[in-house]
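Taking it in order: structure first as structure tokens, then the write-up.
The values are calculated or read from the model by the stated rules, or taken from the named source; none is laboratory data. Not measured: the values here are computed from a predicted model. Cβ atoms come from the backbone with ideal geometry, glycine included; neighbour counts cover every protein chain shown.
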Amino acid sequence: MKAWNCEITSSAKHSLTDKIFQPASTQVDVDAFTVGQKIDLQCRGEMLSQSTTDWKITLKTEKEENTPSYYISGPQFIDETTLNLQIASYKVGEQTPEFILSGGGEEATLSTSKFEVISVLDKHDYKSSSQSQSASAQQPQQGPQPYPFIGPDKLSYPTLLWAILLLLALLVLLIGVKKWIHRYRFKRWLEDMQNKQLAQSPDKYFYKELRGIHRDKLFGVEGYTRLQNAYYTFLEHKFLFPVRSRSISDTTKFFVRKVRAPKPVLVHLKRNLLELKKISQKAKDLSADDMAAMSDTLRKNVDELYGIKGEKVK
């Protein structure tokens, strides 16, 4: 096994001036390191082959008890005889660790010079005693700050979670605003209905309009408009629901949940609403026979809805 010697960078960068070294940590205190402080080393020894990049460094078991544990980063080869290495010790006391460098079938022992590792508080006491002997005008120093453990950063809530929560909050807000708008418009519609009360019951109004359509032999756009208005007026005044301004789906749900109309009646109602909407695109082509068939279909549905209890305008 080949033997290599490692020196702390504060001395290595002076004695090994023919090599390039860029220490990862600055302001190295070679008198005493603190627990967790990064220590930059430069190691030199017998030539190693650099045909492999899969080098591994492990701590060699020492004879003395209570072997300290280390953080090891590297190696970074400069050439076949020189490499840079970074370590950190998590125990206090004088230490001379040895490491094993292995890879590509080769091994080398990395021996370090002796150095001391003290706790943060011990180092603070040492500095405080030195500073007390300096000029009295010097500003007081801040308390000691321990070196952080070299490990994963603190986990935080992912941005995606906050985005989902924000979208859910916006969705709830939009639903609430939509419901408020519907209630406000419905309230205004009821107020308008009070000013448009029929002189007769909704069903009698529909039959009267139906007789007028047949008497005047109306068809086409004029006949369709009058028949549609008679049917919508019957539904709105009897059940107090704005059929004209609401969708067919909303109207059907209202008759299911509020009116509780029988299923056959609901089927006829939905079919009539869909047919009136479809014919509105080609009402000008509506013949007298078409008007007669549609009038009969709507009349039958009105007869079915007549026996169902409606609402009164308050």
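Could you please let me know if Phe186 is under 19 Å from Leu298 (Cα atoms) and assigned to a helix (DSSP H, G or I)? So Phe186 does not fit the description; no. Candidates are the residues of the range 1-48 that are part of a helix (DSSP H, G or I) and modelled with pLDDT of 60 or more; the one that is nearest to the chain's Cα centre (by Cα) is Thr9. Within the range 77-97, residues that are outside the structural domain of Gly36 (by TED's automatic domain parsing) reach no partner that is part of a loop (DSSP other than H, G, I, E, B) and surrounded by fewer than 14 Cβ atoms within 10 Å (Cβ to Cβ) with beta carbons closer than 8 Å at six or more positions or on different chains.
Being more than 18 Å from Gly307 (Cα to Cα) and of a type in the set (Lys, Arg) is a description that does not apply to Lys204.
Quick check on Ile175: is it outside the structural domain of Ala230 (by TED's automatic domain parsing) and modelled with pLDDT of 55 or more? Write out each step before concluding.
Working: outside the structural domain of Ala230 (by TED's automatic domain parsing): yes; modelled with pLDDT of 55 or more: yes.
Judged against the criteria, Ile175 is a match.
Got a sec? Which helices (runs of 4 or more DSSP H) wholly within the range 227-313 have at least 3 residues that are farther than 26 Å from Arg185 by Cβ and either at pLDDT 90 or above or in contact with a His (Cβ under 6 Å, 6 or more places away or on another chain) (or both)?
Those helices (runs of 4 or more DSSP H) span 263-279, 288-306.
Within the bounds of the range 252-263, is there any residue that is of a type outside the set (Asp, Glu), over 45 Å from the mean Cα position of the chain (by Cα) and within 21 Å of Lys300 (Cβ to Cβ)? Looking through the range 252-263, at least one residue is of a type outside the set (Asp, Glu), over 45 Å from the mean Cα position of the chain (by Cα) and within 21 Å of Lys300 (Cβ to Cβ). Restricting the first member to the range 235-252 and to residues that are within 19 Å of Lys309 (Cβ to Cβ), and the second to residues that are part of a helix (DSSP H, G or I) and among the charged types (D, E, K, R), the beta-carbon pairs closer than 6 Å and six or more apart or on different chains are Val243/Glu236; Thr252/Lys270.
To keep it simple, each residue is scored yes or no on (1) of a type in the set (D, E, K, R); (2) over 29 Å from Lys282 (Cβ atoms); (3) within 54 Å of the chain's Cα centre (by Cα); (4) loosely packed, with under 14 Cβ neighbours inside 10 Å.
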position: Lys187; (1), (2), (3), (4): yes, yes, yes, yes
position: Asp192; (1), (2), (3), (4): yes, yes, yes, yes
position: Lys196; (1), (2), (3), (4): yes, yes, yes, yes
position: Lys204; (1), (2), (3), (4): yes, yes, no, yes
position: Gly212; (1), (2), (3), (4): no, no, no, yes
position: Leu218; (1), (2), (3), (4): no, no, no, no
position: Glu222; (1), (2), (3), (4): yes, no, no, no
position: Thr225; (1), (2), (3), (4): no, no, yes, yes
